[in-house]
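Worksheet for the structure shown next.
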Amino acid sequence: MSKVYLVQTDTTVGFLSQDTTRLATIKERDPAKPFIQSFDTLKTYTDLGGRVPHRFKNSLRRSKSSTFVIKNRAVRIVNNGEHHDFLSKYGWMYSTSANEKGTSFNKGFALKHADIVIEDVRGLYEGQASAIYKINNITRKQLR
């Protein structure tokens, strides 16, 4: 059983784990609903079987605060910063916001459900969520 980390990501405070069932239980959501998968590099993503349409590889590699849906799989490449430093220890993790379903960030709720809290000089704060793009071989469409 993987641990659930409470971490300030590059966008907002979130729960990170390699165990989707634990995250689904905390968030009280359908376990079949996919989570965002955050990777430390594009190479880690492709080494684990991920494929990116050739014309969008640079977009993924250079993106900041963006999530890409590729063949119904939500992917984030975190290139730099404190969040990248944390992810590089594991290579990848599933990610979700650290709040109750349908509410804004509540530090008490987050601390109660996290196994390990990682707080850096930025502290824990609710920032703006990432932009979401759906891409295929030809097009890129903004979803959020």
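Where a number appears in this text, it was derived from the coordinates with a stated rule and is not lab data. Remember, it's a predicted structure, so these values are computed and weren't measured experimentally. All Cβ positions, even for glycine, are placed from backbone atoms using ideal geometry, and neighbour counts span all protein chains on display.
Using 0.36 nm per residue and subtracting the Cα-Cα separation, the extra length available between Ile132 and Glu119 on full extension is 2.1 nm. Our coupling estimate for the range 114-125, obtained by passing each phi through the Karplus curve with A = 6.51, B = -1.76, C = 1.60 and θ = phi - 60°, is 8, 7, 9, 9, 10, 10, 10, 5, 6, x, 10, 9 Hz, Gly and Pro reported as x. Mean residue ellipticity, 222 nm, helices only, the chain: the sum of -39500 (n - 2.57) across DSSP H runs of n ≥ 4, divided by residue count and rounded to 500, is -6000 deg cm²/dmol.
Residues whose amide H falls under 5 Å from that of Glu100, counting only those 5 or more places apart or on a different chain, are Asn106, with hydrogens built in the peptide plane.
Of all DSSP beta bridges confined to the chain, the antiparallel ones make up roughly 60%. Label zone of Lys3 (point 7 Å out along Cα→Cβ, amide N under 19 Å): in the range 79-110 this covers 82-96, 98, 110.
Phi angles across the range 6-20 convert, under the Karplus curve 6.51 cos²θ - 1.76 cosθ + 1.60 with θ = phi - 60°, into 3J(HN,Hα) values of 9, 9, 7, 7, 6, 10, 8, 6, x, 8, 10, 6, 9, 10, 5 Hz, Gly and Pro given as x. Separation of the range 102-128 from the range 28-45 is 19 Å, based on Cα centroids. For the chain, how big is Rg over Rh, using alpha carbon atoms and the Kirkwood form of Rh? Using only Cα positions, Rg/Rh for the chain is 0.95. Placing a label point 7 Å from the Cα of Lys141 along the Cα-to-Cβ direction, the residues of the range 1-45 with a backbone N closer than 19 Å are 34. For the range 65-144, DSSP calls about 55 percent of its internal beta bridges antiparallel.
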